[in-house]
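Here the structure comes first, spelled out in structure tokens, and everything after it is commentary.
Please treat every number below as a calculation from the coordinates, not as lab data. Owing to the predicted nature of the structure, the values given are computational and were not obtained by experimental measurement. Neighbour counts are summed over all protein chains in view; Cβ atoms, including those assigned to glycine, are modelled from backbone coordinates with ideal geometry.
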């Protein structure tokens, strides 16, 4: 039994149709871009590990909800540690699907706290169709960037 799609969805290509892969559940927006595929190269982003505007907004929320930022950052750090381990495991197993899933989760978490370089690297790992060698390089770059982000978060904590 075939169901008809509304006209607005029928004209919207899937990610797989756009990029020649088999990820049919992700639909491109009207712009033709998949959600999260900014196309921004990590090297074109600011050199700071944490974006001052995004992180500043989180700091501002702390005044209305004391303890919010500490709780968010603790969850962020443990989540990134888990996702980085998942990336390494997927890389070792040559599991592209698990690698993309971990990269997707990492991208969202990093974007939330303003770790935009990490988010861009994870985005490229998820959507950029990197080769095996490029995947290894990207995971290495994510490890390096994670050390910088963690150091920046430690610095923020030391000011309090």
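The figures follow:
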{"quantity": "Peptides 120-128, 138-146, 58-66 ordered by average Cβ neighbours within 10 Å, highest first", "calculated": "120-128, 138-146, 58-66"}
{"quantity": "Along each principal axis, Cα extent of segment 36-159, largest first, Å", "calculated": "45, 27, 22"}
{"quantity": "Theoretical gain in end-to-end length, residue 73 to residue 132 [0.36 nm per residue, Cα-Cα removed]", "calculated": "18.1 nm"}
{"quantity": "Residues listed by number, segment 97-124, amide nitrogen under 17 Å from residue 53 label point at 7 Å toward C-beta", "calculated": "111-120"}
